[in-house]
1. Without any contact (Cβ under 8 Å) to a residue 40 or more places away in the chain, touching a Leu at 6+ places or on another chain (Cβ under 8 Å) and among the small types (G, A, S): which single residue out of G407, G416, G430 fits that description?
2. Please give the number of the condition I447 fails out of (1) more than 16 Å from the ligand (Cβ to nearest atom); (2) under 30 Å from K571 (Cβ atoms); (3) not in a helix (DSSP H, G or I).
3. Find all pairs meeting these conditions: Cβ atoms under 8 angstrom apart; at least six residues apart or on different chains; first residue within the range 304-319 and modelled with pLDDT of 95 or more; second residue surrounded by fewer than 12 Cβ atoms within 10 Å (Cβ to Cβ).
4. Check the range 339-355 and report whether any residue there is surrounded by fewer than 24 Cβ atoms within 10 Å (Cβ to Cβ) and within 16 Å of the ligand (Cβ to nearest atom).
5. Have a look at K571, K638, K582 and point out the one that is in a helix (DSSP H, G or I), under 30 Å from K379 (Cβ atoms) and open to solvent by 40 Å² or more (accessible area, probe 1.4 Å).
6. Restricting attention to the range 404-452, which residues are charged (D, E, K, R), within 22 Å of M212 (Cα to Cα) and buried (at least 19 other Cβ atoms within 10 Å of the Cβ)?
7. Give me the residue from the range 453-466 that is aliphatic (A, V, I, L, M) and surrounded by 24 or more Cβ atoms within 10 Å (Cβ to Cβ) and, out of that set, farthest from W489 (Cα to Cα).
8. Would you mention how many residues in the range 354-388 are in contact with a helix residue (DSSP H, G or I) (Cβ under 6 Å, 6 or more places away or on another chain) and at positive phi?
Amino acid sequence: MTNSNYMENNNYTNTYDVAITNNSYDVAVIGAGHAGVEAALSCARLGMKTILFTINMDAVANMPCNPSIGGTAKGHLVREIDALGGEMAKSADKIFLQSRMLNLGKGPAVHSLRIQADRREYQKVMKHVLEKQENLSLKQAEIVDILTEDGAVTGVVTHLGAVFNVKAAIICTGTYLNGRIIVGDHSFCGGPDGMFAATKLTKSIEDKGVSMMRFKTGTPSRINRRSVDLTRLERQDGDEKIVPMSFENEDKFIGENLEPCWLVYTNAKTHQVIKDNLHRSPLYSGNIHGIGPRYCPSIEDKIVRFADKERHQLFLEPTGRDTEEMYLQGMSSSLPEDVQIEMIHTLPGFENAEIMRIGYAIEYDCVDPLELRATLEFKKIKNLYGAGQFNGTSGYEEAAAQGLIAGINASLKLKGEEPLILDRSTSYIGTLIDDLVTKGTREPYRIMTSRSEYRLLLRQDNADERLMPYGRKIGLINDERWAHFNEKWDMIRAETERVERTYLSPNGELKEFLAEHNSSAVTTGISVADLLRRPEITYDSLAAVDKERPELPLSVREEVEITVKYDGYIKRQTEQVEQFKKLEQKRLPEDFDYTSLAGLRLEARQKLNAVKPSNIGQAGRISGVSPADIAILLVHFKYI
Ligand SMILES: Cc1cc2nc3c(=O)[nH]c(=O)nc-3n(C[C@H](O)[C@H](O)[C@H](O)COP(=O)(O)OP(=O)(O)OC[C@H]3O[C@@H](n4cnc5c(N)ncnc54)[C@H](O)[C@@H]3O)c2cc1C
């Protein structure tokens, strides 16, 4: 069906006669949330004539939930997005209220940056970046239909009946598709933060034979800071030394911490209010059908699932510099309004708390990610891609990562170039996407460091080493960044070699140094590297005895310390990656029909046909495909 008779068949009045003809773009991005922003910017920066649609232009890059970016594993994603040439980290460095490196008490694999964000400033910065971007047009309009011809995308249609001709489209609709807001036994059609829901696009997608799912997530109330007695809460400040999120700002001063967070705990009274009203909770009354995130439970869920816990930790977080609105992290709820107010008033310091926005749950449609390839293109519709919450994930960082990959792959495909598929050994982005398209998900998927087999290799500090070469090859990393990157890693390699070959003699100075650090004495010469491998010794402390060392930036010194201290573990994981890659290189034909393969168990045939793995490694990660099934594949495809 061509675009013009689409209008007739669907009674759309062609109100844009003139505009229609100019309405041809390479890529349409549907949704300007965290996924859509990265998708649109990467397409435009890779030379695609791109148009970005959003239901509300004032909600670009909106944070409808926690006013923060990063955190465990999410901080890794933000750095990986930055290393590939994405925008999130750069904007975060411009608007942070507070910055903390989490898990410093643990190994470097789980060190993770988290900033408290001024959410309105973040939106302003991101919207302006989009507006200034060459090749990119922004439009406030709801997309109600995606047009296809011969199984490929040809256009998108707005709620005003305008048809935009496009060669590819990326769906980044977040929590808006058939959004339903639920508070107690009240529910209504709506998007987050009082915005419209998108009520027509799901049908257009399902009509093309795509399987969709219904998920749910929830958010806590927002409280007026003036109404809380902060003296009864525990203050939590940011780190003294602020580490920028973007490698572009590495070792630069990006500002001070501006706002603290506040720690408070629930108590027996809070728990009793919730228990007394569980029958009114839509979660337990059956008024919620969508599946919620296990790792972001509502407070009522916590009370039921962790009944033995006497108290639950909550954070009162600032949402901006010029607002009194505070976010009560850890108390997401869809209980009736009166119950939420009562439970909040049981918290110490909150006796007179004014609730500015009540907590709610939102149900929404999203795609079954098994419908997607590792490029995030739909298997059933050419040049149609999905990204973000629409793909079954939860979180700004997860969304932005997918938006970037979908934007890059839509552009590379239109340019006839090889797609970017990051395997699990390269990144959390690769791990996230592989989990989605190989295993699928039955609840909103959230990234965690435990999802990776290669945590020690996929650290937040070396995201540039792992991914910037890809960003450079694709064309998203400019000369200046590339030069800085090479200079940095040349310094790291040179210094790592120097500490390995530099020996210190067991003189009085070294003897004193080791005693000061409660480190065992030496009787023969010892390399600086061997000293550094001692847990009680740091690279910076060694400056006292290692006098020949060059002046190096902090990021280089930290990298040398990690590389030397963990080289044994890193070597072992690198060997595991080599094994992994061998299986990933054993390709499987994309359109092979597994029902015909004798010896495969029925479940394996069904699962292999649903996923259509692109290699033996991926086939082995599909739940329900056994090692015996893999052996049959290896024989059939003559790999053994
Ligand atoms: C109530 C709530 C609670 C949440 N709780 C958590 C949590 O606890 N933990 C967590 O990690 N994440 C949580 N999130 C999720 C987080 O907000 C999302 O993960 C993130 O915003 C997803 O980004 P996105 O780009 O995929 O979509 P969104 O940020 O939702 O952006 C979607 C964009 O698409 C546009 N749009 C939608 N449909 C159309 C259409 N048909 N035509 C044109 N434009 C369209 C919208 O205008 C918007 O710009 C929560 C979200 C909500 C709403």
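1. On the way: G407 fails: without any contact (Cβ under 8 Å) to a residue 40 or more places away in the chain; G416 fails: touching a Leu at 6+ places or on another chain (Cβ under 8 Å).
Unique residue meeting the criteria: G430.
2. Going through the list (1) more than 16 Å from the ligand (Cβ to nearest atom); (2) under 30 Å from K571 (Cβ atoms); (3) not in a helix (DSSP H, G or I), I447 breaks only (1).
3. So the pair list comes out as E310/A268; H312/F306.
4. For the range 339-355, residues surrounded by fewer than 24 Cβ atoms within 10 Å (Cβ to Cβ) and within 16 Å of the ligand (Cβ to nearest atom): present.
5. Values: K571 fails: under 30 Å from K379 (Cβ atoms); K638 fails: in a helix (DSSP H, G or I).
Only one candidate passes the filter, namely K582.
6. D434, D435, R446
7. Initially, the range 453-466 is screened for residues aliphatic (A, V, I, L, M), giving 456-458, 463.
Checking the rest, the ones that are also surrounded by 24 or more Cβ atoms within 10 Å (Cβ to Cβ) come to 458, 463.
On the way: L458: 16, A463: 12 Å.
Top of the filtered list is L458.
8. 2
The values are calculated or read from the model by the stated rules, or taken from the named source; none is laboratory data. Quick caveat, the model's predicted, so the values are computed rather than measured. Neighbour counts are summed over all protein chains in view; Cβ atoms, including those assigned to glycine, are modelled from backbone coordinates with ideal geometry. Surface areas here come from the heavy atoms of the whole protein model, side chains and all, with no ligands, DNA or RNA. Shrake-Rupley method; radii C 1.70, N 1.55, O 1.52, S 1.80 Å.
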